[in-house]
Amino acid sequence: MPSFAIGETDFLKDNTPFQVLSGALHYFRVHPEQWADRIHKARLMGLNTIETYVPWNAHAPRRGEFNATGQLDLGRFLDLVHAEGMQAIVRPGPYICAEWHDGGLPRWLLADSSLKLRSSDPSYLALIAEYLDAVYTIVAPRQIQHGGPVILVQIENEYGAYGSDRGYLQALSDMTRERGIDVPLTTVDQPTEEMLGNGSLPSLHRTASFGSRSTQRLGTLRKHQPTGPLMCSEFWCGWFDSWGEAHRTTDAAESARELDELLAAGASVNIYMFHGGSNFGFTSGANDKGTYRPIATSYDYDAPLAEDGTPTEKFWRFREVIAKYAPVPEETPPARVPAPSFVVPLQGSVPLWQLPLAGARDFDELPTPAQFSSAGGYSCYTTTIAAGGLLAFAEVRDRAQIFLNGAPVGTLSRDHHERFLPLPATAQGELAILLEDQGGVNYGPRLGEAKGLMGPVTLNGAPLAGWRVGTVDLDDLDAVRAALAAAPAVGQGTGVCGPAFISGTFELPEAADLFLDTAGWGKGVAWINGFNLGRYWNRGPQTTLHVPSPLLRSGRNELIVLETVGMDAAVARFATRPNLGPTEE
């Protein structure tokens, strides 16, 4: 029977020393029809293992549900890893960070203020038990001893940076074992004395996360893990991007040198990321260490395999290093070829205000987060004012566009710490606030915070009352399509004022990866054939959105855009290659 265990100095696969050469690849950030391609390319770089997180909030947007189909088909993903002859590492959290909204924790769970997150709170553990029931039903039969690919399962995620509740870690370990997980259990923490000390248990195998000074950091890890194999289970070979900042890159040669140093020490590795993919829809998270910093749609991560699945310089450098320690296939992946480039006239436009809000409700006073909290995307708050003056909010989470009788009067952005807006003295009528949730904080003490307008909202110091609040329904575009079909045509080259939906169609001879060029657009979201590609923003860094080929078809294709600010011309352009923005000097 196949086996995987922790030996005195090495991992042991079938009782033989085994150096784990893994790469992170998140199934939920890649179109499922491209999973096999990305997994195969990992093997071509010389890797023998694929690692993935499991996002609780994506699988269970409502309590009692667990969706494991389509892009969330974890079982199919693991089967494809196995079919490629590779092993798998599964990291189900329940907290995953991953620059993913709310760190993977569901909004319905976060809405319960009585719960103490990431702790041995019995109520919290009871909810985790429901989640792990579903996850391990998929993972348990795919362990190596049952003929599957799974060799390691991680408990929690960088817990030493958050807390020190060993009872919580023990409860997670016990629940994992009780659900049939028999492979070794690991933890990961940054290699500091405090984090490694607080983030694990003697019964769990400690690993570390870092991207530089490999020898030094392996030495720190060895102090806390005196026996067994050393492993960097997040070797940071790149970094993520945040809106309004430069595209983050790392030097390929230096990253390869660090990888060489790590492997020469006999350590195992998980390259984070081997292939990042995209934060489709409203799945990107945010960081907040005093300033809110929402994360971009591209999760390219300057990884060995780019967002569109093509090899980068890092791929070839890492392949050369790995070849010194393990067999590497002779086959190599093809280089990027230019994508089709063309222009699409956008033909119909409908103001957002013409479409009804979902679940609209009336409140005498501004609703608290317990009464109304956005569930991602956009929501709208309206009231009536009789005069102008200083409009003030306790806090805006995360971006508020403010309109008076349908005309824009200003924008308040959380990342700029903006809370006040002066209105003209003659202002009166309907005050409407289009609020965008730009991503739930995924790391640190603000994890799990509610979204919305934080009250009180005052005008010249007096609280505003009589609110109507609802969400912009973007899950079902049928109503949007119907409104667009009835809308008058947009003049060619005419600009578009937001917030508005605008659409167009284009023909393709065959499906191919595309890059939607958003230069000249303001801020919004784009859909191809009903699939939400994610957010775009003229703040950058990225000015293209990756369109995976499986979303497209030979013949007619549909593009719908929600533009919240404006376009200089009602056209969409597709570029030959991605543009992720200027890099740091």
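All of the numbers you see were taken from the coordinates with simple rules; none came from a lab. All figures in this text were calculated on a predicted structure; none of them were measured in a lab. Glycine gets a Cβ as well: all are built from the backbone with ideal geometry, and neighbour counts include every protein chain shown.
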Calculate the length of the line joining the C-alpha centroid of region 508-529 to that of region 548-585, in whole Å.
2
Burial ranking of peptide ranges 38-47, 61-70, 377-386 (average Cβ count within 10 Å, highest at the top)
38-47, 377-386, 61-70
Listing CYS97, CYS497 by rising number of other beta-carbon atoms within 10 angstrom, fewest first, gives CYS497, CYS97
On full extension of the chain, what length is gained from ALA246 through CYS497, given 0.36 nm per residue of separation minus the C-alpha to C-alpha distance?
87.6 nm
What FRET efficiency, computed as 1/(1 + (r/R0)^6) with R0 = 35 Å and r the Cβ-Cβ distance, is obtained for THR69 and ALA360, rounded to the nearest 0.05?
0.70
Helix 214-224 versus the longest principal axis of the chain: what is the Cα-based angle in degrees, 0 to 90, to the nearest 10?
80
Counting DSSP beta bridges with both partners in the chain, what percentage is antiparallel, nearest 5?
75
Least to most buried among HIS224, HIS59 (fewest other Cβ within 10 Å first)
HIS224, HIS59
Need the list of lysines near LYS41 for cross-linking: C-alpha distance under 25 angstrom, and skip anything on the same chain fewer than eight residues off.
LYS13, LYS314, LYS324
Within region 214-233, name every residue whose backbone N is under 12 Å away from a label modeled 7 Å from Cα of ALA264 along the Cβ vector.
214-215
As I understand it, the dipole of the chain uses +1 on the Cβ of Lys and Arg and -1 on the Cβ of Asp and Glu, about the Cα centre. Which of VAL139, LEU109, PRO61 lies farthest toward its positive end?
LEU109
Give, as ranges by residue number, the residues of region 338-362 whose backbone N falls under 17 Å from the point 7 Å along Cα→Cβ of ALA512.
338-344
Quick check on region 330-471: of the DSSP beta bridges with both residues there, what percent are antiparallel, nearest 5%?
100
With a 10 Å Cβ neighbour count serving as the proxy for reagent exposure, in which order, fewest first, do TYR536, TYR136 appear?
TYR136, TYR536
Could you point to the residue in THR368, THR176, ALA462 farthest towards the positive end of the chain's charge dipole, with +1 and -1 charges on the Cβ of Lys/Arg and Asp/Glu respectively?
ALA462
With a 10 Å radius around each residue's Cβ, average the other Cβ atoms per peptide and rank 19-28, 539-548, 367-376, highest first.
19-28, 539-548, 367-376
Kindly state, to the nearest 0.05, the FRET efficiency for ARG177 paired with ASP79, given R0 = 30 Å and r defined as their beta-carbon distance.
0.80
From the square roots a ≥ b ≥ c of the eigenvalues of the alpha-carbon gyration tensor of region 475-542, which class results: rounded (a/c under 1.5), prolate (a/b over b/c), or oblate?
rounded
Mean Cα-pair separation over length for the chain, i.e. relative contact order, pairs under 8 Å, 6 or more apart, %:
14
Can you list the residues of region 276-293 with backbone N under 14 Å from a point 7 Å past the Cα of ARG446, pointing along Cα to Cβ?
285-293
Relative contact order for region 385-435, counting Cα pairs under 8 Å that sit 6 or more residues apart, in percent
50
Just grab the label-to-label distance for GLU194 and SER123, each label 7 Å out from Cα along the Cβ direction, in nm (one decimal).
2.9
In nm, to one decimal, how far is the modelled label at SER164 from the one at GLU430, with both set 7 Å along Cα→Cβ?
5.6
Between ASN538 and MET1, with labels modelled 7 Å along Cα→Cβ, what's the label distance in nm to one decimal, could you check?
6.4
Which of the peptides 504-514, 168-178 is most tightly packed, and how do the rest follow, going by the mean number of other Cβ atoms within 10 Å of each residue?
168-178, 504-514
Quick one: putting +1 on the C-beta of Lys and Arg, -1 on the C-beta of Asp and Glu, what dipole do you get for the chain around its Cα centre, in Debye to the nearest 20?
180
Please give the length that would be gained between THR9 and ALA519 if that part of the chain were fully extended, namely 0.36 nm times their separation in residues minus their C-alpha to C-alpha distance (nm, one decimal).
178.3 nm
Straight-line reach from LYS451: which aspartates and glutamates have Cα under 12 Å away, leaving out those fewer than 8 places along the same chain?
ASP102, GLU395, ASP398, GLU436, ASP437
